[in-house]
Amino acid sequence: MKKVFPKKLRPGDEIRVIAPSRSLAIISQQVRDVANKRFSDLGLELTFGKHVEENDDFASSSIAARIEDIHDAFSDKKVKGILAVIGGFNSNQLLRYINWDLISSNPKIFCGYSDFTILNNAMYAKTGLVTCSGPAYSTFGQELYFDYTLEYFRQCVFSEAPFTVSPSKHWSDD
């Protein structure tokens with residue numbers, strides 16, 4: 001399969017935040033404020049999927065709602081990158097409903113971690129799209145030791161230059 005690399009981001013680009021697992025409703029306003037400022041400082045415009053705030057008994061939304069947000073993000077020509085709210089445990093429910101042709105026709109930066117990894121792997125397997133196992137929207141609200149994450153995020157999504165990831169000297173679970 002041919003690898004497909006999405007275009008790198010530039011200041012002014014739009015990033016769509018989606019919730020393929022857990023809902024934005026579980027993220028505090030304080031974390032959101034810190035995350036929003038960091039994206040603004042990067043020069044990126046944030047938009048949010050229509051269903052990211054839905055919150056059922058599993059801190060998620062329906063399969064149909066999550067699929068709609070994924071498809072809307074990939075079909076919207078203004079959106080240059082897609083970021084998960086946070087991880088979770090139910091992204092696997094989405095696999096049989098994803099329109100792989102839509103994704104193949106609209107490759108974009110697709111970034112998240114944890115439960116999101118199943119989507120990263122499936123997108124690569126089905127479309128060749130090289131995705132990012134990296135910070136979610138909620139990660140950008142992390143108060144301690146975020147500089148390390150931010151620096152590698154910048155290198156990965158903005159720069160064409162190769163880089164080597166070195167281990168962090170600090171760790172935090174805030």
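The values are calculated or read from the model by the stated rules, or taken from the named source; none is laboratory data. Just so it is clear, the model here is predicted, and its values are computed rather than measured. Backbone-built Cβ (ideal geometry, glycine too); neighbour counts: all protein chains shown. Only protein heavy atoms, including side chains, enter the accessible area calculation; ligands, DNA and RNA are left aside. Shrake-Rupley method; radii C 1.70, N 1.55, O 1.52, S 1.80 Å.
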Added length on full extension, which subtracts the Cα-Cα distance from 0.36 nm per residue, V4 to Y113 | 37.3 nm
Size of the dipole of the chain about the Cα centre, Lys and Arg at +1 and Asp and Glu at -1 on the beta carbon, nothing else charged, in debye to 20?
-> 760
Measuring from centroid to centroid over Cα atoms, what is the spacing of segment 55-78 and segment 98-138 in Å?
-> 14
Inter-label distance for W100 and S62, nm, one decimal - labels placed 7 Å from Cα along Cα-to-Cβ = 2.6
Using DSSP to define loop residues, name the trypsin sites (Lys or Arg not before Pro) in segment 115-174 whose beta-carbon has at most 15 other beta-carbon atoms within 10 Å.
-> K169
In Hz, Karplus ³J(HN,Hα) per residue of segment 109-120 (6.51, -1.76, 1.60; θ = phi - 60°; x = Gly, Pro) | 4, 9, 9, x, 8, 6, 4, 4, 4, 5, 6, 4
With every protein chain kept in place and a 1.4 Å probe, segment 1-140 has an accessible area per residue in Å² of 47
From the phi of every residue in segment 25-38, what ³J(HN,Hα) in whole Hz does the Karplus formula 6.51 cos²θ - 1.76 cosθ + 1.60 yield, where θ is phi - 60° and glycine or proline is x?
-> 4, 8, 9, 5, 4, 4, 5, 4, 4, 5, 4, 4, 5, 5
Tell me, what % of the accessible area of segment 91-174 is carbon and sulfur with a 1.4 angstrom probe?
-> 51
When the charge dipole of segment 1-51 is computed with +1 at the Cβ of Lys and Arg and -1 at the Cβ of Asp and Glu, the Cα pointing farthest to the positive end, of P20, F48, V34, is that of P20
Quick one: if you stick a label point 7 Å off each Cα along the C-beta vector at D173 and D147, how many nm between them?
-> 2.5
Within the chain, cysteines having no neighbouring cysteine beta carbon under 4.7 Å are C156
Largest to smallest principal axis extent of the C-alpha atoms in segment 91-174, angstrom | 40, 30, 18
